[in-house]
Amino acid sequence: MAASRAETRVHFDATQAARIVGVPPPRIRQCVRAGLLTARRDPRGRLRFDFVDLVLLRTIRGLLKRRVPTRQIGRVLDSLKRQIGKRPLSRVSVFVDGDRVVAWDGTSRWQPESGQFMFNFDAGQVVRRATQVAHLPATGEKPPRLPELTAEEWCELAIEIEESSPLEAKAAYHHALDIDPANTTARINLGRMLHAEGSLAGAEAHYREALRRDPASAIAWYNLGVLLEDQTEQDEAITAYERAVRADAQLADAHYNLALLYERLGRERDAVRHLAIFRRLSPRR
């Protein structure tokens, strides 16, 4: 007789699951007690987890890391299971955007708790603002139609909504770049947002592409320098900052960062020179 699907599943104990997912065993047991996942027990009463449980644990780990309360995680997972139906949870990314928990299946973004779909450029508030940017009459249609904006207008919209709607702002920058890959403002700002989120590889790629298209961009050189310094690549950071002040000698923060780096490296004369320039440019600091 062929084994049933449940009988052929591979199971892991709490220690193995902890090592695979990166969640301490006590936290795993806490998640089970809180009802965030239903673990099986072997004849000796030990917890057992399958691959589906590991996917859930990985999602839970990301939310706990962003300090989402346990009760809210439970509501999110319950809603998500209903919303995705038979689709595997491994096909859905769940993350925190600002104060919202967001699910993304590669096509749509939505908030699992409310079921509200988010801005794949069809959210009413942002599309209304896009309509205003394009100076188009409001259509009143539901869902509102996306006006045809230029790359500069998408970039302007993204800048305006960055603080209140960072996820939508990133999408707007992507739209700007789809229309005009040479839009260095969109590329630098998108890189800055990724950098702030800790997505350093993506941020560096955007900064370097901006510099490939505009080698004289002081801001791109400066931002790249900050990123390289964050990665403790001091020599490369110095090169980037020097390129930044060569492109814009008035860029005070680049001079300040150079002064600090040169001081760490024992290059006192260079440190004093850049600190003096910084003080001259920023007398009130």
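The values are calculated or read from the model by the stated rules, or taken from the named source; none is laboratory data. In this text the structure is predicted, and so the values were computed from the model without any measurement. So basically every Cβ, Gly included, is an ideal-geometry build from the backbone, and we count neighbours across all protein chains shown. Side chains included, ligands, DNA and RNA excluded: accessible areas come from the protein's heavy atoms. Shrake-Rupley method; radii C 1.70, N 1.55, O 1.52, S 1.80 Å.
Computed quantities for the displayed model
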item	result
Residue 214 over 28 Å from residue 256 (Cβ atoms) and out of contact with any strand residue (DSSP E or B) (no Cβ under 6 Å at 6 or more places or on another chain)	no
Tally of residues being within 15 Å of residue 243 (Cβ to Cβ), open to solvent by 70 Å² or more (accessible area, probe 1.4 Å) and free of Cβ contacts under 8 Å to residues at least 24 places away in the same chain across segment 196-225	3
Segment 151-172, residues that are of a type outside the set (D, E, K, R) and closer than 18 Å to residue 217 by Cα	155
Segment 227-251, residues that are part of a loop (DSSP other than H, G, I, E, B), under 28 Å from the mean Cα position of the chain (by Cα) and at negative phi	231, 233, 251
Filter result for residue 198 (touching a Gly at 6+ places or on another chain (Cβ under 8 Å) and under 28 Å from residue 111 (Cβ atoms))	no
Cβ-Cβ under 7 Å pairs, at least 6 apart or on other chains, segment 174-195 side part of a helix (DSSP H, G or I), far side open to solvent by 60 Å² or more (accessible area, probe 1.4 Å) and at pLDDT 90 or above	184/213; 188/219
Leading residue by the ranking (modelled with the highest pLDDT) among those in segment 135-173 that are in a loop (DSSP other than H, G, I, E, B) and of a type in the set (Ser, Thr, Tyr)	150
Any hit, segment 118-130, residues being buried (at least 17 other Cβ atoms within 10 Å of the Cβ), modelled with pLDDT of 70 or more and at negative phi	no
Complete set of residues in segment 248-268 that are open to solvent by 50 Å² or more (accessible area, probe 1.4 Å) and touching a Phe, Trp or Tyr at 6+ places or on another chain (Cβ under 8 Å)	253, 256, 268
